[in-house]
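J.: Quick one: this structure, given as structure tokens, is what I'll be asking you about.
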Amino acid sequence: MKLIPVLAATLLVAALAAPVSAQKLKVTEGSLSALKGQTEINTEFTYDGLKVGKFDNEADYIQKKTTEYNSKEAGRGDAWAKAWKDDREARYEPKFAELFNEHGSIKSVHNKSAKYTLIFKTTFIEPGFNVGVWRKNASMDGEVWIVETASPDKAVAKISVEKAQGRVFGGYDFDTGVRIAEAYADAGKALGKFIKSKAE
């Protein structure tokens, strides 16, 4: 009889570890044909209006986690809050560029002289969790604007990014930043391939 609860727990862990659904990319406006023949694209990231998990406002999420961690250990929450923001430039964006460049035909660069700019607007992050027996993958949604670098307010094309998955082989992703960085890697890989297929 004791095997039944164990089996149920095992199945639940497997369900939480598996991605809910595959990542989806879709051109929602314009066309990527303008990128045909381009060898590099200036890349920028924005996080305005970001929702995190069950929180509609990122600031509320940060405040809750900071308070929780500080209550357990003085200063731990403040260090976590700093890392939460620092991980964008240190982890997420480089991971995105690395996989985008590896799987695409256009190189992601920081170069304002490039004719076009890719603006990745993150709209939602699910941080996930990993506490050993129980875990949940991170995921991320966003919108990509392809604009002329000289006219960043006018999009040549827009692409929706849904459910980019953050998971690490073997489950060694106890750090939130590691899980989320993998979601950006997933988005970069898929977007690189997507643009390559549409722009050629």
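J.: Any idea which residue in the range 15-30 is farthest from Thr117 (Cα to Cα), counting only those that are open to solvent by 60 Å² or more (accessible area, probe 1.4 Å) and either at pLDDT 95 or above or hydrophobic (A, V, I, L, M, F, W, C) (or both)?
T.: Ala15
J.: For the range 49-79, what are the residues that are open to solvent by less than 40 Å² (accessible area, probe 1.4 Å) and either hydrophobic (A, V, I, L, M, F, W, C) or not in a helix (DSSP H, G or I) (or both)?
T.: Leu50, Val52, Gly53, Ile62, Gly75, listed by residue number.
J.: Let me ask something else. Being of a type in the set (A, V, I, L, M, F, W, C) and closer than 18 Å to Glu162 by Cβ, is that true of even one residue in the range 47-56?
T.: Scanning the range 47-56, I find at least one residue that is of a type in the set (A, V, I, L, M, F, W, C) and closer than 18 Å to Glu162 by Cβ, so the answer is yes.
J.: Inside the range 141-162, can you point out the residues that are at pLDDT 95 or above, under 22 Å from Gly49 (Cβ atoms) and not aliphatic (A, V, I, L, M)?
T.: Asp141, Gly142, Glu143, Trp145, Lys158, Ser160, Glu162 - these are the residues of the range 141-162 that are at pLDDT 95 or above, under 22 Å from Gly49 (Cβ atoms) and not aliphatic (A, V, I, L, M).
J.: So, one more: Select from the range 80-116 the residues that are open to solvent by less than 40 Å² (accessible area, probe 1.4 Å), in a helix (DSSP H, G or I) and in contact with a Gly (Cβ under 6 Å, 6 or more places away or on another chain) and list them in ascending order.
T.: Asp87, Phe96, Leu99, Phe100
J.: Right, next: Quick one: in the range 163-176, of everything that is out of contact with any strand residue (DSSP E or B) (no Cβ under 6 Å at 6 or more places or on another chain) and exposed (fewer than 15 other Cβ atoms within 10 Å of the Cβ), which residue is modelled with the highest pLDDT?
T.: The qualifying residue modelled with the highest pLDDT is Asp175.
The values are calculated or read from the model by the stated rules, or taken from the named source; none is laboratory data. Here the structure is a predicted model, which is why all the values come from computation and not from measurement. Note: ideal-geometry Cβ built from the backbone for every residue, glycine included; neighbour counts use all protein chains shown. Side chains included, ligands, DNA and RNA excluded: accessible areas come from the protein's heavy atoms. Shrake-Rupley method; radii C 1.70, N 1.55, O 1.52, S 1.80 Å.
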